[in-house]
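Okay, here's the structure, questions in a sec.
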Amino acid sequence: MKGLPDTPAARRPIPPFTQEHEDFREGVRRFVATELRPKAPEYEENEWFPNDVFLRCGELGYLGLKFEEKYGGQGGGYVADAVWTEELARSGSGGLSAGIGAHTSIAMPPIWKFGTEEQKQRYLVPGIRGEKIGALGITEPGAGSDVAGLRTRAERVDGGFVINGEKTYITNGVRADFIVTAVKTTPEGGHQGISFFVIERGEGVTSSKLEKMGWRASDTATIAFEDVYVSEDQLLGELNRGFYLIMANFQWERLLMALGAVGSMGWWLERTIEFALERKAFGRAIGHHQAIRHKLAEHAVRLEAARDLTYHSLRLFVDGQDAVREVTMAKLITQRANFEVLDACLQIHGGAGYMREYEIERAVRDARLGPIGGGTDEIMREILGKSLGL
Ligand SMILES: Cc1cc2nc3c(=O)[nH]c(=O)nc-3n(C[C@H](O)[C@H](O)[C@H](O)COP(=O)(O)OP(=O)(O)OC[C@H]3O[C@@H](n4cnc5c(N)ncnc54)[C@H](O)[C@@H]3O)c2cc1C
């Protein structure tokens, strides 16, 4: 079949996507193109996107795709959420996708899966409407990949706990109304000594925004907790069982990162092919020079391989099968591929690629996060190595 790699014409419903999902995709694609993409440069320039974006996405039902209708969600399941994430990559702002994704896909799911009914009413319901914004706080200055090394601690007091410590690199860390936070409740317990609390912004909670290479529209922050009192009912899930809560959502988070990378590669290959057909050098379109034609062909193969592994993982995941190995592979292959494919797209743009106007320089900066966030490439290889019995 001839055509750009990710146009509707080149796309057929591939399970687990149905025609209904593909129709939904068209609607999301239109929304992203008309309401988000035009604003992306402004959001990047301001290093912030307004909270109204959450309200608008909430109004359209996009924040609650996988959540049940009784909480205000769409009850559409994980596949609808997958479509949304893939399409959101076409906003051209990794920071915007990250801010929305952190709220819907890493902060709210633990409340949805492990929260009490009261917690769901308090955070999930307004979260789905975009009225309250969440963040997930696991990483600390002294503990990232090695979660057991967390130092933020909760000490028991009358009726609740007092929390002290610091989190860093937290997406939505400035704007979040509630932070789903991992803390040590049994200092000597290692993985078995971690618990989660939903901490609301208030006395003792301070954030400072960090400057970063990409994802500029998102507010990544350090959050300090100083003698923050939380009542017993802010404990999320069971005491000292927080590590299982972290593990429970990792597969979904990594799968979404893979889907975002697939969306981003498709979008940029499409734009770069168009550019290569328009831009002329030495008497012909640069895309008709063999070196460029071959480079684009090679990266179209990388996209297809990455997409197939990602969709395969998604199929297993939505089918309820153990997909740890496939999701880990998909996360590993897509994040590096996204960075390299986008870097090749930048090169094909020549000097224009280095200019902000063409947006590819931003996309490359944004893509560099992939092999670090949500578990680094090295950690993915560790998981895979262990799954091979090594
Ligand atoms: C923009 C951004 C947004 C983020 N958002 C969030 C968020 O919302 N919430 C949150 O909790 N965290 C967030 N993070 C943190 C992110 O998950 C961590 O940065 C990541 O997990 C790596 O942890 P670290 O930075 O502490 O690196 P480290 O764990 O210190 O690792 C440093 C290096 O050592 C390597 N390494 C570590 N252990 C091993 C090993 N066993 N074998 C081989 N190599 C190893 C790593 O791969 C890496 O290359 C964000 C990070 C960024 C940059």
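In Å², and per residue, what accessible area does segment 249-390 have when probed at 1.4 Å with the other protein chains present? Could the numbers behind the result be given before it?
Details: 6630 Å² over 142 residues.
Here the per-residue accessible area is 47 Å².
Taking H placed 1.01 Å from N in the peptide plane, check which residues at least 5 places from Tyr169 or on another chain put their amide H under 5 Å from its amide H.
Under 5 Å from the amide H of Tyr169: Ala221, Thr222.
Using θ = phi - 60° and the Karplus curve 6.51 cos²θ - 1.76 cosθ + 1.60, what whole-Hz ³J(HN,Hα) does each residue of segment 181-187 get, with Gly and Pro shown as x?
Computed from phi, the couplings for segment 181-187 are 10, 8, 9, 7, 10, 10, x Hz.
Multiplying the sequence separation of Asp322 and Glu166 by 0.36 nm and subtracting their Cα-Cα distance, what value in nm do you get?
Values: separation 156, 0.36 × 156 = 56.16 nm, distance 3.39 nm.
Result for the pair: 52.8 nm of gain on full extension.
Given R₀ = 56 Å, what would the calculated FRET efficiency be for Phe282 paired with Val157, taking r from the Cβ atoms and rounding to 0.05?
Details: r = 75 Å, r/R0 = 1.33.
The pair Phe282/Val157 has a calculated efficiency of 0.15.
Order these peptides, 23-29, 321-327, 331-337, by their mean beta-carbon neighbour count within 10 angstrom, highest first. Provide the component values of the computation, followed by the final result.
Numbers: 23-29: 15.7, 321-327: 17.6, 331-337: 24.9.
Order by mean packing, descending: 331-337, 321-327, 23-29.
Between Asn240 and Arg30, take the C-beta separation as r, use R0 = 45 Å, and let me know the FRET efficiency to the nearest 0.05.
Numbers: r = 47 Å, r/R0 = 1.04.
Rounded to the nearest 0.05, the efficiency is 0.45.
Where does the chain land at 222 nm, in deg cm²/dmol rounded to the nearest 500, when only DSSP H runs of n ≥ 4 count, each adding -39500 (n - 2.57), divided by all residues? Can you show the working numbers first?
Details: 13 runs with 174 residues, N = 390.
That comes out to -14000 deg cm²/dmol.
Here are some pairs, Lys39/Lys331; Lys113/Lys331; Lys167/Lys386; Lys66/Lys120; Lys113/Lys209; which of them have Cα atoms lying more than 25 Å apart in this structure? The partial results should precede the final answer.
Working: Lys39/Lys331 28 Å; Lys113/Lys331 23 Å; Lys167/Lys386 29 Å; Lys66/Lys120 14 Å; Lys113/Lys209 29 Å.
Table pairs above 25 Å Cα-Cα are Lys39/Lys331; Lys167/Lys386; Lys113/Lys209.
Can I ask one more? Select from Phe250, Ala367, Tyr169 the residue farthest towards the positive end of the dipole of the chain; place +1 on Cβ of Lys and Arg, -1 on Cβ of Asp and Glu, and compute about the Cα centre.
Comparing the listed Cα positions along the dipole, Ala367 ranks first.
Per-residue counts of other Cβ atoms within 10 Å, averaged by peptide: what ranking do you get for 117-123, 279-285, highest first?
Working: 117-123: 15.9, 279-285: 10.6.
Going from most to least packed, we get 117-123, 279-285.
Between Arg356 and Gln121, how many nm apart are label points set 7 Å from Cα along the C-beta direction?
Each label point is offset 7 Å from its Cα along the Cβ direction, giving 4.8 nm.
Using the crude model of +1 on Lys and Arg Cβ and -1 on Asp and Glu Cβ, and no other charge, please compute the dipole size for the chain relative to its Cα centre, in debye to 20. Let's see the in-between values first.
Values: 47 positive and 55 negative charges, 259 e Å.
Magnitude of the dipole: close to 1240 debye.
Under a crude label model (7 Å from the Cα following the beta-carbon direction), how far is Lys209 from Ser145 in nanometres?
3.1 nm
Same structure again: Could you give the distance between the Cα centres of segment 338-368 and segment 304-330, to the whole Å?
Each part reduced to its Cα centre gives a spacing of 28 Å.
Label segment 52-159 by shape, choosing from rounded, prolate and oblate, from the square roots a ≥ b ≥ c of the eigenvalues of the Cα gyration tensor; if a/c is under 1.5 it is rounded, and otherwise prolate applies when a/b is larger than b/c, oblate when it is not.
Values: a/c = 2.18, a/b = 1.35, b/c = 1.62.
Taking the square roots of the gyration eigenvalues as a ≥ b ≥ c, segment 52-159 is oblate.
For Glu68 and Glu274, FRET efficiency with R0 = 51 Å and r from the beta-carbon atoms, rounded to 0.05? List each step's numbers first, then the result.
Working: r = 41 Å, r/R0 = 0.81.
Calculated value: 0.80.
Residue separation times 0.36 nm, minus the C-alpha to C-alpha distance between Glu304 and Ala248: what's the value? Don't jump to the answer; show the numbers that get you there.
Working: separation 56, 0.36 × 56 = 20.16 nm, distance 2.82 nm.
Answer, rounded to one decimal: 17.3 nm.
Here's another thing I want to ask about it. Label Leu388 and Asp23 with points 7 Å out from Cα along Cα→Cβ: what is the distance between them in nm?
Computed distance between label sites Leu388 and Asp23 equals 4.6 nm.
May I pose another question? Over all Cα pairs of the chain, how is the pair count split among 10 Å bins, expressed in % and running from 0 up to the last occupied bin?
In whole percents, the pair-distance histogram is 5, 23, 33, 25, 10, 3, 1, 0.
Taking square-rooted eigenvalues a ≥ b ≥ c of the alpha carbon gyration tensor, is segment 140-199 rounded, prolate or oblate, where a/c under 1.5 means rounded and, failing that, a/b exceeding b/c means prolate?
On the way: a/c = 2.22, a/b = 1.12, b/c = 1.98.
Here segment 140-199 falls in the oblate category.
The values are calculated or read from the model by the stated rules, or taken from the named source; none is laboratory data. It should be emphasised that the depicted structure is a prediction, and the values quoted were computed from it without experimental measurement. Reconstructed Cβ throughout: ideal geometry from the backbone, glycine too, with neighbour counts over all protein chains shown. With ligands, DNA and RNA removed, areas are computed over all heavy atoms of the protein, side chains included. Shrake-Rupley method; radii C 1.70, N 1.55, O 1.52, S 1.80 Å.
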